[in-house]
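Report on one structure; see the data block that follows.
Readers should treat all values here as calculations from the given coordinates under stated rules, not as data from a laboratory. Please read all numbers here as calculations on a predicted model, not as lab measurements. We place every Cβ from the backbone using ideal geometry, glycine too, and count neighbours over all the protein chains shown.
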Amino acid sequence: MTTIYDIAKALGVAPSTVSKALNGGSGVSEKTRNKIIRYANKVRYIPNANASRLKTKRSYSIGIIYSENLNIGLEHHFFSSVIQAFKDYVETKGYEITFVIRNLGNTEMTFLEFCKHKQLDGVFIVVAEHSDKDLQELIDSDIPCVTTDLVEDNIFTVMTDNEYGAKRAVLEFFNNGHRQIAHITGSLNSYAGSERLVGYRKGMNEVGLEDSDDLIFVTEGFTFEDGYVAAGNVLAMDEIPTAVFAAGDDLAFGAIKRFHENGYRVPQDIAVIGFDDGPFAKYFDPPLSTLHQDRLAIGVGAAKYLIQQIEEGQDESSKMGELRIRPTFVKRESA
């Protein structure tokens, strides 16, 4: 592997001159700097990571926490897109990502212990269990964190405005004449699920409808199967609702499948609105009306904030706050 000493010898300059040229230091003419950079690119010079870490006191590695205990797999289109947007941005700034786990080489450890062992500069909490004590220990530490799944006093959050989106779904149904509007929640152990339920209740109250518990169907996750099972409970009601707001697209897909199997047409007999606007929403039968989440804005927003905290430092006030990004309603053929 080519070193700065190899470059210095080839160009007849001092190693310190090469180092200054490649790291933006002063005391090097533009002509010499450009010559060194061109040669370094030609020989595919790669800076020594350990040397960079010693100099900056950073590992240039960011952790991602993604809990599998909430039945939301990594293949979930929303979270996978957010992680991709986050990854793409941090890589342009010279950082790499690694997933934070609790078992390293068969050694059990907390999130904080893992982060310290790997010397992570910061952590992006994508999906996590809110009651997890290990998670709270990490948030309370001096390691910069940002999240898209929690609302806590001492961590900055970049996430969809879930309440707004849920209220928007109820209003859409109401304006189209629906008065019996049911809700399939998704997991209430997640902030998305609990906030969308709050938004549904507020939306029902704002249009003068009762947010009866009989119209709310709580599920364990956000999967197709969860929606399918919940739809069976909807159909078991004495008075079947004319509209269903599902807290996720996969829930909506499962519900529509169950409705079709039981002879109900969507939207003629039961209208359905989802939440996400994933890649399959417009290709489903019927194409799904849904709330579009801006995955790119969430992922990049989280990345920018976290890198700012890493590079500029943080205090108690900078750890708090949130950026809410409003979803947009996408009208298709299911509602």
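Quick look at the numbers
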read-out	value
Added length on full extension, which subtracts the Cα-Cα distance from 0.36 nm per residue, Glu311 to Thr2	108.4 nm
Spin-label pair Lys133/Asp213, simplified geometry with 7 Å Cα→Cβ offset, distance in nm	3.1 nm
The chain: angle of helix 295-312 to the longest principal axis, Cα-based, in degrees nearest 10	40 degrees
Low-density loop positions, GluC sites (Glu not before Pro), the stretch 139-227 - DSSP coil, at most 13 other Cβ in 10 Å	Glu210
On Cα atoms only, tilt of 224-235 relative to the major axis of the chain in degrees	20 degrees
Lys, Arg +1 and Asp, Glu -1 on Cβ, resulting dipole of the stretch 162-292 about Cα centre, debye, nearest 20	300 debye
Gaussian network model of the chain, springs between alpha carbon atoms under 10 Å - residue of Asn154, Asn189, Asn176 with greatest fluctuation	Asn176
Cut-off under 5 Å, modelled amide H: who pairs with Leu104 long-range	Met109
Point-charge dipole on Cβ atoms (K/R +1, D/E -1) for the chain, about Cα centre, debye to 20	2580 debye
Sequence-separation-based contact order of the chain, relative, with Cα cut under 8 Å and 6+ spacing, percent	18 percent
Kirkwood-Stokes translational diffusion coefficient of the chain, alpha-carbon pairs, 4 °C, 1.567 mPa s, µm²/s	58 µm²/s
Where trypsin sites (Lys or Arg not before Pro) fall in DSSP loop in the stretch 229-300, at most 15 other Cβ within 10 Å	Arg265
Part-to-part distance (alpha-carbon centres) for the stretch 246-314 and the stretch 116-166, which is given in Å	22 Å
The stretch 95-112 versus the stretch 170-236: alpha-carbon centroid distance in Å	36 Å
Most fluctuating residue given options Thr98, Thr107, Thr157, as computed from a GNM of the chain linking Cα atoms under 10 Å	Thr107
Degrees separating the helix 249-261 axis from the principal Cα axis of the chain, which is the longest one	30 degrees
Net lengthening on full extension, Ile46/Asn106 (0.36 nm per residue, minus Cα-Cα)	18.3 nm
Percentage, to the nearest whole number, of Cα pairs in the stretch 192-268 over 16 Å apart	50 percent
Chain lengthening between Glu113 and Lys93 when straightened (0.36 nm per residue, less Cα-Cα)	4.6 nm
Computed FRET value (nearest 0.05) for Arg326 with Phe280, which takes r as the C-beta separation and R₀ as 25 Å	0.65
Neighbour-count order for Asp153, Asp211, Asp88, Asp142, fewest beta carbons within 10 angstrom listed first	Asp142, Asp153, Asp88, Asp211
Residue-averaged 222 nm ellipticity for the chain, from DSSP H runs of 4+ at -39500 (n - 2.57), nearest 500	-13000 deg cm²/dmol
Cα centre as origin, Lys/Arg/Asp/Glu Cβ charges: the stretch 62-184 dipole, Debye	400 debye
